[in-house]
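*Asks:* A single structure is presented below for examination.
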């Protein structure tokens, strides 16, 4: 086995009950949920384990919930002697990657992403922004489409370059609609409107980014102990001040996920552990490199499989 990378999912992967089975089986996992309760000053673990789906879906709750679940799983894997050389996270998941790498403390990240979620919700009035997934279109062609739509209908831009043939666009409702129609005219196989609470990773998020910039000034950031790949650049980032700047830019910039995965493959990573609910990132990795070993970890069965595979 070559090098191992940890992958951390972002918003949209959450589900009530995530991590519960593992937390009940492993004290080191439950301790992370208890720390989240303490940091946020509420019974946050109860929301994650058995709360209302609509409450968990609120961005201010989704973000710390996913961070907590992902890091709780990493704590278990560390207890099994699993080591990784690289880490990357999709959007919100970048905070999980930085915690796993020792760059930011869990407590600081938990509070930061709670604030991040609140500011992202507040940045654009409800119903004014949206996102859509465009399938089967080249990156350069879709960039041209969004520029054209922005000039005539309203702000819209690529938000997530997820994998070959899967790009998410984000912006005003009018801008996304115009870009979606143009994309279909220009050869996109399919355009899927997404059920989201805002136009994430677009210029409309700049007010949230400014608030986050101020908050991050007081967050202690250290050099990561494993190599972290940044969303904004798709490249390695090690300098604490660069990490701080990129976390600010990340809120209104596209997530270069395909680039990040290709960078990890180029670095010699052949095994990817996705820590958190679902298998979204595992599927995206396979679209970039079919030969990669991808191991999603979200319950006892998948945990045991991952540990056995790595130890084999």
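For (1) out of contact with any helix residue (DSSP H, G or I) (no Cβ under 6 Å at 6 or more places or on another chain); (2) surrounded by 23 or more Cβ atoms within 10 Å (Cβ to Cβ); (3) without any contact (Cβ under 8 Å) to a residue 60 or more places away in the chain, each residue gets a yes or a no:
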| position | (1), (2), (3) |
| --- | --- |
| 256 | yes, no, no |
| 260 | yes, yes, no |
| 267 | yes, no, no |
| 275 | no, yes, no |
| 280 | yes, no, no |
| 298 | yes, yes, no |
| 307 | yes, no, no |
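*Asks:* Let me ask something additional. Search region 88-103 for residues being in contact with a helix residue (DSSP H, G or I) (Cβ under 7 Å, 6 or more places away or on another chain) and more than 14 Å from residue 246 (Cα to Cα), and hand back the single one that is surrounded by the most Cβ atoms within 10 Å (Cβ to Cβ).
*Replies:* This residue is 96.
*Asks:* Looking at (1) outside any strand (DSSP E or B); (2) in the same structural domain as residue 155 (by TED's automatic domain parsing); (3) touching a helix residue (DSSP H, G or I) at 6+ places or on another chain (Cβ under 6 Å), which is the one condition that is false for residue 180?
*Replies:* The number of the failed condition is (3).
*Asks:* Report whether or not residue 180 is under 20 Å from residue 246 (Cα atoms), crowded, with 20+ Cβ neighbours inside 10 Å, at pLDDT 95 or above and in contact with a strand residue (DSSP E or B) (Cβ under 7 Å, 6 or more places away or on another chain).
*Replies:* Here the answer is no, as residue 180 does not meet what is asked.
*Asks:* Please note which strands (runs of 3 or more DSSP E) are completely contained in region 188-303 and include at least 2 residues that are modelled with pLDDT of 95 or more, in the same structural domain as residue 176 (by TED's automatic domain parsing) and touching a strand residue (DSSP E or B) at 6+ places or on another chain (Cβ under 6 Å).
*Replies:* Strands (runs of 3 or more DSSP E) meeting the threshold: 190-194.
*Asks:* What helices (runs of 4 or more DSSP H) completely inside region 1-94 contain at least 1 residues that are under 22 Å from the mean Cα position of the chain (by Cα), modelled with pLDDT under 95 and more than 24 Å from residue 263 (Cα to Cα)?
*Replies:* Counting at least 1 such residues, we get 53-57, 59-79.
The values are calculated or read from the model by the stated rules, or taken from the named source; none is laboratory data. Since this is a predicted model, take the numbers as computed values, not measurements. For neighbour counting, all protein chains shown are included, and Cβ atoms are generated from backbone atoms with ideal geometry for every residue, glycine included.
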